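A.B. asks: Got a structure for you, written out below as structure tokens; questions coming shortly.
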Amino acid sequence: MTTQTPSPLPGSLADVDPEVLAMIDGETRRLRETIQLIPSENYPSQAVMEATGSVFTTKYAEGYPKRRYYQGCQWVDAVEDLARKRACTLFGADHANVQPHSGSSANMGVYLASLNYGDTVMGLDLIAGGHLTHGSPVNFSAKLYKFVAYGVDPKTELIDFDQVRGVARANRPKMIVVGATAYPRTFDWATFKEIADEVGALLLADIAHISGLIAGGAHPSPVPFADFCSTSTHKALRGPRGGMILCKSEWAERIDKAIMPGLQGGPLEHVIAAKAVMLHEALQPAFRDYAHAIVSNAKALAQSLLDEGLTLVTGGTENHLLIVRLGETGPTGKEIARALERAGLIANANTVPGETRGAFQTSGVRFGTPAATTFGFGADEFRTIGKLIARVIKDPADTTMLKSTANEVRDLCHAVETRRLDLSHSAA
Ligand SMILES: *Cc1c(COP(=O)(O)O)cnc(C)c1O
């Protein structure tokens with residue numbers, strides 16, 4: 001550890017709990033020897049990790065900077081203020097709340113601030129890529145509010161604005177939620193805003209997956225259009241695990257009250273410190289290069305998979321992720337994801353538009369580029385990864401091939417890591 005933590009406990013993790021240390025070492029090895037293709041994951045920087053492991057974890061700080069229920073908040077006030085300012089600068093927002101413990105809590109905070117129980121809310125159909133908190137029957141969102149869904153055109157698999165307009169006019173929702181976990185295209189915020197205005201609905205842009213792309217100028221920003229933006233901070237944004245809300249100034253007070261005391265107690269100030277570090281990193285010019293590389297790598301991966309004869313939902317990608325549509329009779333998404341894992345390629349099963357096999361087995365597999373791009377993979381490697389993925393999809397039961405692919409993947413990881421370390425040497 002580089003930070004000196006005043007602690008009554010003697011010894012390092014190696015001395016105190018080698019059992020947990022061995023698990024951390026195992027996870028570290030896994031992250032270095034397999035390729036992370038889950039689009040919602042990333043490798044945060046050492047600086048973000050240091051702040052997350054800092055002394056700020058000791059402090060109770062219920063409330064907001066300069067308005068705390070506890071004394072001794074001089075430094076947590078400073079760091080939380082810095083995080084809020086940087087968030088507003090990065091996204092051009094009026095107000096930021098950096099306390100939500102996760103993206104789901106951020107959404108809960110927005111709903112609590114702006115809706116009454118039973119209000120009608122419109123969200124993207126979960127099968128087409130909506131999130132649990134956009135009205136899944138097993139989630140609080142559907143238990144507290146009346147969700148109606150808009151979907152995608154079954155042919156193009158793109159958001160169908162005629163349908164969005166029709167569902168909005170028929171249901172007059174209090175809010176329209178726009179955002180997804182598995183939509184490989186950009187969002188047309190202006191058209192959503194026009195429809196929201198027409199029916200008198202609030203607009204929530206849930207940018208959990210794409211906030212990093214927006215920050216780096218690789219996806220249009222909803223901030224000028226949406227009343228609220230909610231996000232996770234650990235996806236393409238590359239921060240610590242957590243959430244954040246951006247809103248127009250007229251909502252600032254209600255958002256803050258909804259998060260605390262509405263639904264959370266003490267904020268995680270160590271995570272907020274790490275969010276401040278992440279926001280600083282995202283404000284640097286290099287982050288724009290990173291965001292654009294995420295998209296160009298996704299396009300390289302998509303082209304490679306198409307060249308192998310695979311089918312992609314919407315035919316390709318404009319962002320950080322893509323979904324391979326499998327045949328309706330062959331192996332399921334879950335079976336392919338398991339085979340890919342044995343080959344060192346870490347992805348997840350995902351539903352596809354018109355899904356017939358349910359949310360667990362599924363007929364699709366989802367791949368994303370943010371984490372592997374951070375690791376150092378470029379377009380050439382992503383074309384290779386596409387070939388490896390196609391090989392596994394075509395013959396997921398060939399265990400000899402899975403094992404040899406895992407070896408190839410490990411070599412690829414080592415080569416990329418070596419190149420990255422060489423580069424950082426020559427840059428220094
Ligand atoms: C990931 C995600 C969330 C929730 O984030 P958690 O931090 O996992 O709670 C919310 N909305 C969308 C669209 C997401 O992709």
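The values are calculated or read from the model by the stated rules, or taken from the named source; none is laboratory data. Note that this is a predicted model, so its numbers are computed, not measured. Don't worry about glycine lacking a Cβ; one is built from the backbone with ideal geometry, like all the others, and counts go over all protein chains shown. Only protein heavy atoms, including side chains, enter the accessible area calculation; ligands, DNA and RNA are left aside. Shrake-Rupley method; radii C 1.70, N 1.55, O 1.52, S 1.80 Å.
A.B. asks: Got a sec? Which helices (runs of 4 or more DSSP H) wholly within the stretch 146-232 have at least 3 residues that are within 15 Å of the ligand (Cβ to nearest atom) and in contact with a Leu (Cβ under 6 Å, 6 or more places away or on another chain)?
C.D. replies: Here the list is empty.
A.B. asks: Is it the case that ALA252 is touching a residue at least 60 places away in the same chain (Cβ under 8 Å), more than 16 Å from the ligand (Cβ to nearest atom) and within 20 Å of GLU80 (Cβ to Cβ)?
C.D. replies: Yes; evaluated as a whole, the condition is true for this residue.
A.B. asks: Let me ask you something else. Those residues that are exposed (fewer than 14 other Cβ atoms within 10 Å of the Cβ) and under 18 Å from VAL409 (Cα atoms), I need them from the stretch 17-31; list them, please.
C.D. replies: GLY26, GLU27, THR28, ARG29, ARG30
A.B. asks: While we're looking at this one, here's another question. Among the numbered conditions (1) touching a strand residue (DSSP E or B) at 6+ places or on another chain (Cβ under 6 Å); (2) within 16 Å of the ligand (Cβ to nearest atom); (3) not in a loop (DSSP other than H, G, I, E, B), tell me where ALA142 comes up short.
C.D. replies: Status for ALA142: all satisfied but (1).
A.B. asks: Name the residues in the stretch 283-316 that are closer than 24 Å to GLY151 by Cβ and open to solvent by 70 Å² or more (accessible area, probe 1.4 Å), would you?
C.D. replies: THR311, the sole residue that qualifies.
A.B. asks: What are the pairs, 6+ residues apart or on separate chains, where a residue within the stretch 345-374 that is in the same structural domain as ALA128 (by TED's automatic domain parsing) has its Cβ under 7 Å from a residue that is open to solvent by 30 Å² or more (accessible area, probe 1.4 Å)?
C.D. replies: Once the first residue is in the same structural domain as ALA128 (by TED's automatic domain parsing) and sits in the stretch 345-374, no partner that is open to solvent by 30 Å² or more (accessible area, probe 1.4 Å) comes close enough.
A.B. asks: Further question on the same structure: Give me a count of the residues in the stretch 41-92 that are out of contact with any helix residue (DSSP H, G or I) (no Cβ under 6 Å at 6 or more places or on another chain), open to solvent by less than 30 Å² (accessible area, probe 1.4 Å) and under 30 Å from PHE375 (Cβ atoms).
C.D. replies: The qualifying residues number 1.
A.B. asks: Run down TYR64, TYR111, TYR43 and say which single residue is more than 30 Å from GLY344 (Cα to Cα) and more than 16 Å from the ligand (Cβ to nearest atom).
C.D. replies: Working: TYR111 fails: more than 16 Å from the ligand (Cβ to nearest atom); TYR43 fails: more than 30 Å from GLY344 (Cα to Cα).
Residue meeting the stated conditions: TYR64.
A.B. asks: Moving on to the next point. Answer yes or no: is there a residue in the stretch 412-420 that is modelled with pLDDT under 95, open to solvent by 80 Å² or more (accessible area, probe 1.4 Å) and assigned to a helix (DSSP H, G or I).
C.D. replies: Yes; the residues of the stretch 412-420 include at least one that is modelled with pLDDT under 95, open to solvent by 80 Å² or more (accessible area, probe 1.4 Å) and assigned to a helix (DSSP H, G or I).
A.B. asks: Could I ask something else about it? Given the structure, is GLY262 open to solvent by 10 Å² or more (accessible area, probe 1.4 Å), more than 12 Å from the chain's Cα centre (by Cα), away from the ligand (no atom under 16 Å from the Cβ) and not aromatic (Phe, Trp, Tyr)? Even if it seems obvious, please write down each step before you answer.
C.D. replies: On the way: open to solvent by 10 Å² or more (accessible area, probe 1.4 Å): yes; more than 12 Å from the chain's Cα centre (by Cα): yes; away from the ligand (no atom under 16 Å from the Cβ): yes; not aromatic (Phe, Trp, Tyr): yes.
Yes, satisfied.
A.B. asks: Turning to a different aspect of this structure: Looking only at the stretch 118-130, how many residues end up being open to solvent by less than 50 Å² (accessible area, probe 1.4 Å) and either in contact with an Asp or Glu (Cβ under 9 Å, 6 or more places away or on another chain) or within 12 Å of the ligand (Cβ to nearest atom) (or both)?
C.D. replies: Qualifying residue count for the region: 5.
A.B. asks: Being closer than 27 Å to CYS73 by Cβ and either in the same structural domain as GLN74 (by TED's automatic domain parsing) or away from the ligand (no atom under 16 Å from the Cβ) (or both) is the requirement here; does ARG238 meet it?
C.D. replies: no
A.B. asks: Also, I was wondering about something else. If THR3 meets every condition in (1) at pLDDT 95 or above; (2) open to solvent by less than 60 Å² (accessible area, probe 1.4 Å) apart from one, which number is that one?
C.D. replies: THR3 satisfies all of (1) at pLDDT 95 or above; (2) open to solvent by less than 60 Å² (accessible area, probe 1.4 Å) except (1).
A.B. asks: Please go through (1) touching a residue at least 60 places away in the same chain (Cβ under 8 Å); (2) surrounded by fewer than 24 Cβ atoms within 10 Å (Cβ to Cβ) for HIS209 and return the number of the only condition it doesn't satisfy.
C.D. replies: Evaluating HIS209 over (1) touching a residue at least 60 places away in the same chain (Cβ under 8 Å); (2) surrounded by fewer than 24 Cβ atoms within 10 Å (Cβ to Cβ) leaves (2) as the failure.
A.B. asks: Filter the stretch 216-254 down to residues that are of a type in the set (A, V, I, L, M) and over 13 Å from the mean Cα position of the chain (by Cα) and give me whichever is surrounded by the fewest Cβ atoms within 10 Å (Cβ to Cβ).
C.D. replies: Across the stretch 216-254, the extreme among qualifying residues is ALA252.
A.B. asks: Going by the structure shown, is ALA291 within 17 Å of VAL392 (Cα to Cα) and either among the acidic types (Asp, Glu) or touching a residue at least 24 places away in the same chain (Cβ under 8 Å) (or both)?
C.D. replies: no
A.B. asks: For residues that are touching a strand residue (DSSP E or B) at 6+ places or on another chain (Cβ under 9 Å) and open to solvent by less than 10 Å² (accessible area, probe 1.4 Å), scanning just the stretch 391-407, find the one that is nearest to ILE336 (Cα to Cα).
C.D. replies: Ranking the qualifying residues of the stretch 391-407, first place goes to VAL392.
A.B. asks: Within the stretch 89-107, can you find the residues that are near the ligand (Cβ under 8 Å from one of its atoms) and part of a helix (DSSP H, G or I)?
C.D. replies: Selection gives GLY103, SER104, SER105, ALA106, ASN107.
A.B. asks: Now for a separate question. So for the stretch 87-106 (the condition being more than 21 Å from the chain's Cα centre (by Cα), farther than 30 Å from GLY217 by Cβ and touching a residue at least 12 places away in the same chain (Cβ under 8 Å)), does at least one residue qualify?
C.D. replies: No, because not a single residue in the stretch 87-106 is more than 21 Å from the chain's Cα centre (by Cα), farther than 30 Å from GLY217 by Cβ and touching a residue at least 12 places away in the same chain (Cβ under 8 Å).
A.B. asks: For GLY109, indicate whether it is at pLDDT below 95 and open to solvent by less than 40 Å² (accessible area, probe 1.4 Å).
C.D. replies: Here the answer is no, as GLY109 does not meet what is asked.
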